[in-house]
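Enquirer: Sending over a structure as structure tokens; questions will come in a sec.
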Amino acid sequence: MSAGQRPGHFPQPAHVAIIMDGNGRWAQMRGLPRQEGHRRGLEALRATVRNAGDLGVRILTLYSFSTENWRRPATEVSFLLGLLKRFVEKDLGELHAAGVRVRIIGGRDDLSPDLRRLVEHAETLTRDNTAMTLVVAFNYGARDEIVRATRRLAADAAAGRIEPAAIDEAMLGSRLDTADLPDPELVIRTSGETRISNFLLWQAAYAEFVFLPVLWPDFDRAAFEEALAEYGRRERRFGGVSEGVDRSVGAA
Ligand code: FPP
């Protein structure tokens, strides 16, 4: 436990990560195609970025397409790829004007050259913005991220730039896609599912998890506030014990 990780209640997370789940069920319940659920999901995403800024969240990470999502029907995959493209093309100007720094995490090699260029343009354009950071996890899987970071470590070791025995958490952390970002304090998952689904496995080691029954297209400001309030009620101990607890061995 470091000095910055003392047990206690923390009123406000700086970094919130969200697993946006339930678009398909939202559409199904209304007799609509799954695509419509994703379209409404994108609207919820836009509103959530605005709400995050208003609610004092400094970094917002959104899980928008996982390495496993390629297994979905080709039409759904191309629709989701199109949504990301449309989001970057349509919203980038507004995000930039609002001082939002945009980051995309996940493997880039599987993306088409035009999507890769778009993503790189969004990052370059907004690089110096400081009002808020929006991290979009796209083609992201935590295991894949850790494997890619491990490959970089192995290459450095093979080239003699680092000693294998000197490898520590900071060295691995600095080779992850999130290298320059603090860990999320709060991870929210919508739709009532209570899984982590290969999301930020390394970074969420000490995060609080809040699972909400609301389906992603219905995730509004009230639901966001509810998750933040729940976070404020949690006591974070980082593997230690509460303040005020008798720390002597054998204490009752
Ligand atoms: C989970 O719902 C959601 C996704 C896999 C994609 C998330 C996408 C958006 C919020 C739209 C914006 C997209 C981008 C790329 C910016 P699900 O389809 O798994 O829902 P289900 O579990 O009810 O079937």
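Enquirer: In segment 71-89, is there at least one residue being in contact (Cβ under 8 Å) with a residue 60 or more places away in the chain, more than 10 Å from the ligand (Cβ to nearest atom) and either assigned to a helix (DSSP H, G or I) or more than 19 Å from residue 121 (Cα to Cα) (or both)?
Expert: Scanning segment 71-89 turns up no residue that is in contact (Cβ under 8 Å) with a residue 60 or more places away in the chain, more than 10 Å from the ligand (Cβ to nearest atom) and either assigned to a helix (DSSP H, G or I) or more than 19 Å from residue 121 (Cα to Cα) (or both).
Enquirer: Restricting segment 4-63 to residues that are without any contact (Cβ under 8 Å) to a residue 60 or more places away in the chain, within 16 Å of the ligand (Cβ to nearest atom) and assigned to a loop (DSSP other than H, G, I, E, B), which is surrounded by the most Cβ atoms within 10 Å (Cβ to Cβ)?
Expert: 33
Enquirer: Restricting attention to segment 194-217, does a residue exist that is part of a helix (DSSP H, G or I) and hydrophobic (A, V, I, L, M, F, W, C)?
Expert: The first filter runs over segment 194-217 and keeps only residues part of a helix (DSSP H, G or I), leaving 216-217.
Now restrict to residues that are hydrophobic (A, V, I, L, M, F, W, C): 216.
Within segment 194-217, one or more residues are part of a helix (DSSP H, G or I) and hydrophobic (A, V, I, L, M, F, W, C).
Enquirer: Right, next: Looking at (1) more than 9 Å from the ligand (Cβ to nearest atom); (2) touching a residue at least 24 places away in the same chain (Cβ under 8 Å); (3) part of a helix (DSSP H, G or I), find the lone condition where residue 94 falls short.
Expert: (2)
Enquirer: I would also like to ask the following. Condition test on residue 180, is it modelled with pLDDT under 95 and in contact with a helix residue (DSSP H, G or I) (Cβ under 9 Å, 6 or more places away or on another chain)?
Expert: Working: modelled with pLDDT under 95: yes; in contact with a helix residue (DSSP H, G or I) (Cβ under 9 Å, 6 or more places away or on another chain): no.
For residue 180, the condition - modelled with pLDDT under 95 and in contact with a helix residue (DSSP H, G or I) (Cβ under 9 Å, 6 or more places away or on another chain) - is not met.
Enquirer: From the residues in segment 97-109 that are away from the ligand (no atom under 14 Å from the Cβ), at negative phi and in contact (Cβ under 8 Å) with a residue 24 or more places away in the chain, which one is surrounded by the fewest Cβ atoms within 10 Å (Cβ to Cβ)?
Expert: Among those residues, the one meeting the criterion is 108.
The values are calculated or read from the model by the stated rules, or taken from the named source; none is laboratory data. Here the structure is a predicted model, which means the values were calculated and not measured. Reconstructed Cβ throughout: ideal geometry from the backbone, glycine too, with neighbour counts over all protein chains shown.
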